[in-house]
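Following: one structure in structure tokens, then a few remarks.
The values are calculated or read from the model by the stated rules, or taken from the named source; none is laboratory data. Note that the structure is predicted; figures quoted are calculated from it, not measured. Quick reminder, even Gly has a Cβ in these numbers, built from the backbone with ideal geometry, and neighbours come from all protein chains shown.
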Amino acid sequence: MRVADIITAKLREAFSPDQLEVIDVSEQHRGHGGWREGGETHFHVVMRTKAFNGKSRLAAQRAVNKILAEELAGPVHALTMDVRGMDD
């Protein structure tokens with residue numbers, strides 16, 4: 001299974017988002033640290049979910065990092081994110 005698919009599945013299960021995009025931006029980092037041939041090393045996540053209503057941006061990002069800890073310790077070198085509640 002592709003890393004992007006694993007990330008998508010974990011985030012859907014944990015947060016039931018109304019909007020979720022997992023974008024492989026690895027090619028933008030070609031030649032930088034952590035980059036590997038074939039990509040799937042650098043990702044950008046855009047997510048809107050009621051689970052983050054009333055939470056700070058930092059709390060939302062920490063929640064995502066916790067769910068993706070295994071991927072961040074392994075195949076994912078970098079993760080950027082735009083994650084918010086539906087009331088933001």
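Condition check for Thr8 on (1) at pLDDT 95 or above; (2) β-branched (Val, Ile, Thr); (3) outside any helix (DSSP H, G or I): one failure, at (3).
Restricting segment 44-78 to residues that are surrounded by 14 or more Cβ atoms within 10 Å (Cβ to Cβ) and among the polar types (S, T, N, Q) leaves a set whose member that is farthest from the chain's Cα centre (by Cα) is Thr49. Selection of segment 11-23 for residues being part of a helix (DSSP H, G or I) and free of Cβ contacts under 8 Å to residues at least 40 places away in the same chain yields Arg12, Glu13.
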